[in-house]
Amino acid sequence: MPAHRSIRDFDWLMVILVCAICALGVLQIFSATRDTRFAEAWWKQAVWILGGFIALWIGTLIDYHSLLGQAYVFYGLAIGTLAATFVIGMTAFGSRRWIGTAALHLQVSEFVKLVVVLLVARYLSELKGEQLELRDLLKLAGLVGLPMIMVMIQPDLGTALTFVPILGVGVFLAGFRWQHAVAILVLVAVAAPIGYWVVLKDYQRARVVSFLDPNQDPKGSGYQVIQSKIAVGSGALWGRGVTKGTQTQGRFLPVSQKDFIFSAFAEEHGFVGVIVALGLYFLLLMQIVQNAQTAPDKAGMFICMGIAALLLFHVLVNVGMVVGRMPVTGIPLPLMSSGGSNIVAMFLMLGLVNNVRLRRFVN
Amino acid sequence: MKLHLGREDGKASANQLLRDDAKFAAQKIAFFQYLTVAVFLFLITGFWDLQIRNPEVYQERALENSVKSIPVLAPRGKILDRDGRVIVDNHDSFGLYLSRENLKMEHLRPIAEGLNLDYESLVARVRRFQTRGAPQYEPIPIKEELTPGELAFVDSHKDANTFPELEVVHVQHRLYPRDGLAAHVVGYVGEVSEAELNSPEFANFHQGDVIGKDGIERQYNDQLMGVDGQRRVEVDSFGNERHVLDDKEAIPGKNLQLTIDLDLQAVAELTLENRRGAVVALDPRTGEVLAMVSRPAFDPNLFAGRIRSKDWKDLVDNPAHPLMNRAIQAQQAPGSTFKPIMLLAGLETGAIDDNFHITCPGGATFYGHFYKCWGRHGTVGLHEGLVHSCDTFFYNVGNRMDIDDIAHYAEMVGYGHKTGIDLPHEAEGIVPSRRWKIRTQHEKWFAGENISVAIGQGATTVTPLQMASAIGGIAIGGMWFQPHLVPEVHLLPARRGEVNLENVRKVIDGMYGVVNEGGTGVRAKLPGIDVCGKTGSAQLVSNGAIKAGFKVAADMKDNAWFVGFAPRDNPEIVVATLFENGEHGQLAAPIVRDVLKAYFDKKARLGQPQPQLARLPSDLLQAPRRVPATSGAANQ
């Protein structure tokens with residue numbers, strides 16, 4: 001194990017970007033929860049972010065190869081904990097996702113993402129050959145599919161779907177036959193309608209419907225999308241100012257400190273603010289990708305790319321939802337949305353990226 | 001290169017080989033970077049669409065979401081009696097409005113169900129407001145006097161997700177005296193009707209305005225009605241106000257002081273308890289109405305609001321016509337109360353002189369027709385004729401006069417045209433003359449008709465107010481002031497009749513005799529007060545109708561009149577009463593006596609020579625909000 005690493009090797013640009021995004025998030029949480037019963041959320045978020053940096057430090061310290069070595073142990077633990085949430089988990093918003101007490105509870109599925117990243121990296125880095133064999137592909141899909149289905153029946157479709165880009169980018173990078181791709185597409189084409197009618201719950205179907213035509217159900221699922229678009233649109237170029245957005249302050253926006261935080265942000269900071277915030281996310285993604293490019297080995301590259309794909313997917317789905325270009329799936333915007341598990345899990349992953357970076361010159 | 005590495009192989013060598021491989025995916029990573037750029041462009045175009053291309057649409061909708069217009073209703077002015085005591089007050093209540101900015105027609109049914117409203121009429125009401133082209137911000141009132149249960153329903157349903165159009169507005173609801181006290185004088189309010197809005201008189205009002213519908217409320221609506229304000233507030237998605245954007249305060253209506261004396265009014269109300277008829281008390285020296293009662297009465301509180309209950313229909317359909325103000329609208333034959341006027345007319349025209357007398361054997365024959373007197377009075381002169389109300393005497397007076405001369409003096413005292421009192425819908429009554437007969441019946445006047453006119457039958461009809469005013473004018477020597485309920489408002493100058501005061505004195509002496517010299521009105525006698533008066537019993541069905549074969553129904557007994565004033569010299573008050581189906585004026589006399597007694601009792605109690613309108617502080621009359629429920633001279 002390499003013992004000494006310069007503090008200068010640390011990915012300071014990434015840390016600055018993360019700090020900037022988190023600061024915008026805390027500011028927006030403060031603005032969105034003023035005069036509500038969530039008014040304390042902003043400093044709780046700040047505390048979680050501090051905890052997140054500790055997580056980032058921990059994620060950096062332990063050699064990721066050691067973590068990869070334990071990937072299957074983590075996987076087993078993740079499956080076990082997910083199973084446990086069905087028994088002892090707390091129910092909130094009609095779904096069993098949390099484990100712990102009312103004061104401190106963790107959303108297990110957030111950490112399962114990290115495990116899936118490690119699992120995919122470990123599995124794919126050990127394979128040989130230019131392309132993925134069908135047998136390996138199915139095996140990996142099965143490994144990822146198990147926790148995915150468990151999360152899906154919590155039910156938390158949004159989080160379950162975040163496993164897909166991790167798997168997808170891994171398979172893409174590992175190389176796959178186009179015949180497999182076609183086969184998967186056909187399978188999805190067949191499975192999608194079945195899934196829509198059999199697997200999806202009524203409210204999830206409603207979300208799909210409201211995504212396709214929000215005005216059809218303006219007071220139900222479509223309400224969130226319509227209110228979000230109104231909030232974003234009324235922000236115009238410069239925004240209405242912090243704590244001045246009527247959509248946010250009047251609580252017409254649903255969960256404006258969590259899933260729809262970017263909508264509140266867009267209302268109060270306008271297009272200019274949106275460009276700045278999205279620019280920060282873009283730079284962060286590019287920084288992660290750059291770390292993937294300089295990774296010392298395949299596994300490191302898979303870790304970084306898995307995390308990049310996960311982050312990109314989150315941004316695409318969450319921000320896309322805010323402007324009505326993606327269905328309402330209820331996944332948070334990493335680093336901005338209020339929520340401890342999400343913050344800590346995200347910082348752990350960024351710690352892993354940094355981890356990979358610090359070991360690029362090893363050996 | 002042979003790649004054959006097992007998991008148990010050394011990490012270093014594995015790393016070495018993998019590391020060589022690390023660049024293999026460079027192109028694919030580049031592809032991922034392009035994908036990232038594409039995703040961000042896709043997202044940014046979404047924001048571009050909403051925030052740059054047409055933000056106005058969304059700003060407009062954000063405004064619709066969050067801004068509500070709430071009417072601030074101006075309280076109507078209170079109505080006070082002459083001593084400043086409150087007759088008509090307001091009480092706080094809550095009204096429910098539908099704000100039109102976010103009104104959804106499909107919400108009406110659950111709202112109607114939740115508040116026990118009739119769905120059909122609610123829809124009709126909303127449509128009416130919409131088609132009327134009222135400004136979009138004017139909310140629609142749909143229910144008044146919300147109960148706590150209804151308030152709870154509104155509170156739990158006014159959030160943005162349910163019925164954001166629900167709006168509770170603080171309303172000053174009209175509070176009238178119980179049991180219909182002075183109901184006909186003060187009138188009542190109601191929501192302006194479709195028909196009224198189409199008429200020029202109400203052109204300035206908006207759909208949903210509450211206006212005076214009758215009585216003082218209508219006559220002085222412009223003063224009593226304030227100017228509604230409006231508040232634009234920003235609300236949150238639960239319908240709670242966040243802050244006020246702008247606030248146009250309501251200007252409260254002005255209080256209105258009447259000439260009515262509540263003490264006198266209350267006594268007058270009591271005297272007519274369970275009777276049908278009217279009482280009017282005037283100060284003949286000014287025309288101030290001191291009391292005005294009409295019975296049966298109604299309770300204005302039953303329909304004081306915007307939305308009338310079924311009680312309204314019951315009132316309109318009631319055969320006793322409780323809504324009718326008999327004091328100014330009952331047009332009845334004056335009967336014998338016409339005799340003082342007849343006597344004055346006879347003396348003035350010279351048809352009779354001081355020595356004129358006749359013999360009453362219980363009637364007389366004119367033009368081949370026998371006219372009965374109600375008694376046998378023997379030899380009757382001017383004074384006895386009036387004191388004992390001898391019909392035969394007045395038949396002869398009438399026979400000696402021309403109908404147009406009778407009409408001249410009847411009109412002089414104020415019959416046949418409106419007195420001009422400040423109340424809506426005053427009736428004129430009828431004074432028959434040659435022209436009148438030609439105009440209405442296209443016939444010539446027959447001299448024989450004078451006979452019944454002379455005793456107040458025939459076509460002559462008067463209202464109780466006209467009678468009080470007419471006799472009051474004679475009592476003060478032939479001067480008639482316009483009766484009024486609000487002092488110092490658009491008064492016509494007093495009319496002075498060209499009469500010989502000597503003749504007036506003879507009439508007054510006769511009326512004194514009616515009460516004090518064993519005449520028909522002894523029941524009106526008051527110890528210590530020189531009361532003058534005249535009874536009257538008038539057939540409900542005119543002679544003409546009886547001649548035409550009209551059958552007199554059992555309950556159409558004669559109407560009883562009494563008109564009296566006091567004191568004989570320098571009279572201060574004149575009271576006229578119509579007691580419908582009271583059969584004889586003698587039975588009406590105690591009504592007038594009670595009112596006169598109340599007047600003089602109060603005067604004695606206060607020790608004031610003359611009652612005057614209480615001088616209220618001017619700010620109280622301008623825009624007061626609180627007036628003590630009872631105050632003023634009565635308690636001093």
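Near B:LYS158, which lysines are there with a Cα under 22 Å away, not counting those fewer than 8 places off in the same chain?
Partners within reach: A:LYS219, B:LYS68, B:LYS104, B:LYS143.
Go through segment A:36-47 residue by residue and turn each phi into a ³J(HN,Hα) via Karplus (6.51, -1.76, 1.60, θ = phi - 60°); whole Hz please, and just put x for glycine and proline.
Using θ = phi - 60°, the values come out as 10, 6, 9, 4, 8, 4, 5, 7, 4, 4, 4, 5 Hz.
If r is the Cβ-Cβ distance from B:HIS357 to B:ASN274 and R0 is 35 Å, what FRET efficiency results, to the nearest 0.05?
Computed FRET efficiency for B:HIS357 and B:ASN274: 0.25.
Starting from 0.36 nm per residue, how many nanometres of slack lie between B:ALA266 and B:THR379 once their C-alpha separation is accounted for?
Difference between extended and current length: 36.3 nm.
Would you mind checking which residues have amide H under 5 Å from B:ILE430's amide H? H placed 1.01 Å from N; only 5 or more apart, or other chain.
B:GLY416, B:THR461, B:VAL462
Once the Cβ-Cβ distance between A:ILE149 and A:GLN70 is put in as r, and R0 is 22 Å, what FRET efficiency do you end up with, to the nearest 0.05?
Values: r = 23 Å, r/R0 = 1.07.
After rounding to 0.05, the efficiency reads 0.40.
Angle between the Cα long axis of helix B:55-66 and the longest principal axis of chain B, 0 to 90 degrees, nearest 10?
Taking Cα atoms only, the helix is inclined about 50 degrees.
Can you give the angle from 0 to 90° between the axis of helix B:585-606 and the longest principal axis of chain B, with both taken from C-alpha atoms, to the nearest 10?
Between helix and principal axis, roughly 70 degrees.
Please list the non-local residues whose amide H lies under 5 Å from the amide H of B:GLY533, H modeled 1.01 Å from N, same-chain partners needing a gap of 5 or more.
Counting only residues 5 or more places away or on other chains, the set is B:TYR512, B:VAL514, B:VAL515, B:PHE565.
Distances over 17 Å make up what percent of all Cα-Cα pairs in segment B:379-446? Walk me through the numbers before you get to the answer.
On the way: 1339 of 2278 pairs.
Across segment B:379-446, Cα pairs with separations above 17 Å total 59 percent.
Looking only at segment B:67-257, where both bridge partners belong to it, what percent of the DSSP beta bridges are antiparallel (to the nearest 5)?
The answer is about 95 percent antiparallel.
Could you tell me which trypsin sites (Lys or Arg not before Pro) in segment B:340-400 are loop residues by DSSP with no more than 16 other beta carbons within 10 angstrom of their beta carbon?
B:ARG376, B:ARG400
At 0.36 nm per residue, and after removing the present C-alpha to C-alpha distance, how many nm does the segment from B:ASP92 to B:LEU151 gain when stretched out fully?
Extra length from B:ASP92 to B:LEU151 when fully extended: 19.8 nm.
Modelling each spin label as a point 7 Å along the Cα-to-Cβ direction, I'd like the A:GLU133/B:ARG434 distance in nm, to one decimal.
Simple spin-label model gives 13.6 nm for this pair.
Could you list B:CYS532, A:CYS19 in order of exposure, starting from the residue whose Cβ has the fewest other Cβ atoms within 10 Å?
Values: B:CYS532 28, A:CYS19 14.
Fewest-to-most ranking of B:CYS532, A:CYS19: A:CYS19, B:CYS532.
Using only the alpha-carbon atoms of segment B:67-257, report the extent along each of the three principal axes, biggest first, to the nearest angstrom.
53, 33, 33
So if a site counts as exposed when it's one of the trypsin sites (Lys or Arg not before Pro), its DSSP state isn't H, G, I, E or B, and it has at most 15 other Cβ atoms within 10 Å, what's the longest stretch of chain A without one?
Longest site-free region, per DSSP loop and neighbour criteria: A:245-363.
Determine which lysines satisfy two conditions relative to B:LYS28: a Cα distance under 30 Å, and not lying fewer than 8 residues away in the same chain.
Candidates past the 8-residue exclusion: A:LYS113, A:LYS128, A:LYS139, A:LYS298, B:LYS2, B:LYS11.
Considering only DSSP beta bridges where both residues belong to the protein assembly as shown, give the percentage that are antiparallel (nearest 5). Write down the numbers at each step before the final one.
Working: 77 of 80 bridges.
In the protein assembly as shown, approximately 95 percent of DSSP beta bridges are antiparallel ones.
Using the Karplus curve 6.51 cos²θ - 1.76 cosθ + 1.60 with θ = phi - 60°, what ³J(HN,Hα) values do you get for each residue of segment B:173-185, in whole Hz, with x for Gly and Pro?
8, 5, 10, 9, x, 6, 6, x, 4, 6, 4, 6, 6
Suppose the Debye formula is applied to equal point scatterers at every Cα of chain B; what is log10 I(q)/I(0) at q = 0.09, 0.12 Å⁻¹?
-0.81, -1.16
Explain nothing, just compute: Karplus ³J(HN,Hα) = 6.51 cos²θ - 1.76 cosθ + 1.60, θ = phi - 60°, for every residue of segment B:263-274 in order, whole Hz, x for Gly and Pro.
4, 5, 4, 5, 5, 4, 4, 5, 5, 9, 3, 6
Anything over 21 Å Cα to Cα? Flag those among B:LYS213/B:LYS557; A:LYS44/A:LYS258; B:LYS372/B:LYS557; B:LYS506/B:LYS534, in the order listed.
B:LYS213/B:LYS557
Over segment A:9-358, what lengths in whole Å, largest first, do the semi-axes of the equivalent ellipsoid take, defined as the square roots of 5 times the eigenvalues of the alpha-carbon gyration tensor? Before the final figure, lay out each step's value.
On the way: eigenvalues 199, 120, 78 Å².
Listed largest to smallest, the semi-axes of segment A:9-358 are 32, 25, 20 Å.
How far apart, in nm, are the 7 Å Cα→Cβ label points at B:ASN240 and B:HIS170?
With each label point 7 Å from Cα toward Cβ, the separation is 1.9 nm.
Give me the percent of Cα-Cα pairs in the protein assembly as shown that sit more than 50 Å apart, rounded to a whole number.
Roughly 50 percent, once rounded to a whole number.
Along the three principal axes, how long is segment B:22-68 when you take its alpha carbons, biggest first, rounded to the nearest angstrom?
63, 18, 6
All of the numbers you see were taken from the coordinates with simple rules; none came from a lab. Model, not experiment: these values are computed from the prediction. Reconstructed Cβ throughout: ideal geometry from the backbone, glycine too, with neighbour counts over all protein chains shown.
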